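Encoded as structure tokens, the structure appears first; notes follow it.
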Amino acid sequence: MPALRPRRFLPTVLMILVAFFVVTQPHKAAVTVNTAVDAVQKITQALTTFSNGLG
């Protein structure tokens, strides 16, 4: 098995943890993703409103 390069190690570990979380607690994972998407949409809307106000 090839060794993981250092810069790929952390994303690999995070993906394994996320997959474990989704499998073991799907409802909490769905709520977490929904909250994150909502936050990104609010930030995008705020930046759009700000940039429209600039002129």
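Values in this text are rule-based calculations from the coordinates and carry no lab data. The model shown is predicted, which means the values in this text are computed figures rather than measured ones. Note that each Cβ is placed from the backbone with ideal geometry, even for glycine, and that neighbours are counted across all protein chains shown.
Of all residues in the range 45-55, which are surrounded by fewer than 10 Cβ atoms within 10 Å (Cβ to Cβ) and either under 11 Å from the mean Cα position of the chain (by Cα) or not hydroxyl-bearing (Ser, Thr, Tyr) (or both)?
If the condition is that a residue be surrounded by fewer than 10 Cβ atoms within 10 Å (Cβ to Cβ) and either under 11 Å from the mean Cα position of the chain (by Cα) or not hydroxyl-bearing (Ser, Thr, Tyr) (or both), then Phe50, Asn52, Gly53, Leu54, Gly55 are the ones that fit.
Name the residues in the range 15-44 that are loosely packed, with under 11 Cβ neighbours inside 10 Å and either β-branched (Val, Ile, Thr) or touching a residue at least 24 places away in the same chain (Cβ under 8 Å) (or both), would you?
Across the range 15-44, the qualifying residues are Ile16, Val23, Thr24, Thr35, Val37, Val40, Ile43, Thr44.
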